[in-house]
Amino acid sequence: MSAVAVTVVCLVYAPIAMTELWPYATPGAPAIGEWLLGRSVSPEFVADAVRDRMGPYGRSLVPLIVHSVLGGLLMLLGPVQLLSAVRRRVRLHRIAGTVFAGTVYVSMAGAALYLLRTPPAEAFSGAAFWIVLATILVGTVGSVTFGILAAVRGFPDLHQRWMLLCYGFLMTAPLLRLEWGALPALYPGLSLQDINRVAIMHLGALVAFGALLASRALDRRTDIPGLSGTWAPGPVLVAAHLAGAAGLGWITYAFLDQGTQGRRLLVAYLVPYVLTYAVIALRAARARSAGATWGREEWRLHLAAQCLAPAFSAVTVPVLERTMGLDRLTSLVAGVGIGAGMLSYAAVVVVSLRLVHGREVLRRQREFADLPTGPATATPVGAGGVAGAGEHR
């Protein structure tokens, strides 16, 4: 059901992505996304969005067209990759995967040119949105690169995790458009810039969480040879919870200090965060009860990352204020917007190291088992040397 839902979203969004920038290149050109948004929200909502984007997009129109058209192609290639992997169509999966990886690099290069040419304060929806976009770009490129390396080195389980995370980051684009259509009903009167601020409070966390759920659903192994113990023991989880509680308390206080807008953003962050935490904690407990040592280990590693995300965001906020000269609210939105996604990325790195370490332990155990166990017989030197050598052989 999840695969079907993702496929439907991708098929619907692909033509929207490919035509999104036509009006900026040729005024009056049709754009499916603008047409749908104008009828689901209002023409004025769309007009404000277009007006805010005219300047930033106009300076980097060609790279953005490359990015959006290839982004639409990625929406089509993603389901092909997922379904071919599930159905074990190896040749199709490899061919589509090669095209997919190359398309990711070229598409993200177009987005990178836009970000490099556009100062954060002048970007569409402001500096916070620019920071979140840059983080997603780095996460997408890093994920597909690690996925390629895992496939080349013969780690299909790691390849699967990294490619799912990569596609999760790509899914922020269609999910953001869905929020453009849905959130104005919940918050009438908000501009698109404010809607974007609400959306980035949780989008990165949700797509990374979706990639985790997909990875665990496809990995049915209860234990893995070579893995023993845990990298997330009780004291580590306790420390992570304490750090996360401190970070969460600071974030809550900081948002409440920003008035109505701060409270709205805090709710957009806290509700998905609490639900995600509850699901991960419950899955870890169920894996423990079922004796699934590997499932329990992966859930616990992601639980530790989930706890540390608010602490990471709390530390990031003053850094953004001082290094980029941002105000407190913008730094809060940016710091919280990238926190969960970056910590989920870090969790996949740790999971990868855990699997690689386990395989290295298993390899050394096999090498040790292949060594001769008996003591070597010494051959005397002298007249009986030849006979002794023959008997030894």
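Nothing in this text is a laboratory measurement; each read-out follows from the coordinates by a stated rule. Fair warning: this is a prediction, and the values are worked out from it, not measured in the lab.
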Using only Cα atoms, find the angle between the long axis of helix 328-370 and the longest principal axis of the chain, and express it within 0 to 90 degrees, rounded to the nearest 10. 20
MRE, 222 nm, helices only [DSSP H, n ≥ 4, -39500 (n - 2.57), over the chain, to nearest 500]: -28000 deg cm²/dmol
Quick check: the angle from helix 234-256's long axis to the longest principal axis of the chain, C-alpha only, nearest 10 degrees? 10
Helix axis angle, 293-324 relative to the chain longest principal axis, alpha carbon, degrees: 50
Label region 163-270 by shape, choosing from rounded, prolate and oblate, from the square roots a ≥ b ≥ c of the eigenvalues of the Cα gyration tensor; if a/c is under 1.5 it is rounded, and otherwise prolate applies when a/b is larger than b/c, oblate when it is not. oblate
5 Å is the cut-off here: which amide hydrogens, built 1.01 Å from N in the peptide plane, fall below it relative to ILE224, excluding neighbours closer than 5 in sequence? TRP294
Reviewing [x] 41, 33, 20; [y] 43, 22, 16; [z] 48, 26, 19, the figure for semi-axes √(5λ) of the Cα gyration tensor in Å actually calculated from this model sits under [z]
How large is ³J(HN,Hα) for each residue in region 48-64, as worked out from phi by the Karplus curve 6.51 cos²θ - 1.76 cosθ + 1.60 (θ = phi - 60°), to whole Hz, x for Gly and Pro? 5, 5, 5, 4, 5, 9, 4, x, x, 6, x, 6, 9, 5, 5, x, 6
Apply the Karplus parameterisation 6.51 cos²θ - 1.76 cosθ + 1.60, with θ equal to phi minus 60°, to every residue of region 179-194 and state each ³J(HN,Hα) to the nearest whole Hz, in sequence, with x for glycine and proline. 6, 4, x, 9, 5, x, 6, 7, 10, x, x, 6, 6, 5, 4, 5
Relative contact order for region 188-369: what is it in percent, counting Cα pairs under 8 Å that are at least 6 residues apart? 34
Roughly speaking, what is the centre-to-centre gap between region 58-112 and region 1-18 when only Cα atoms are used, to the nearest Å? 14
Percentage relative contact order, the chain, counting C-alpha pairs under 8 Å, at least six apart: 14
³J(HN,Hα) across region 150-160 via Karplus (A = 6.51, B = -1.76, C = 1.60, θ = phi - 60°), whole Hz, x for Gly/Pro? 5, 5, 5, 7, x, 10, x, 5, 6, 4, 4
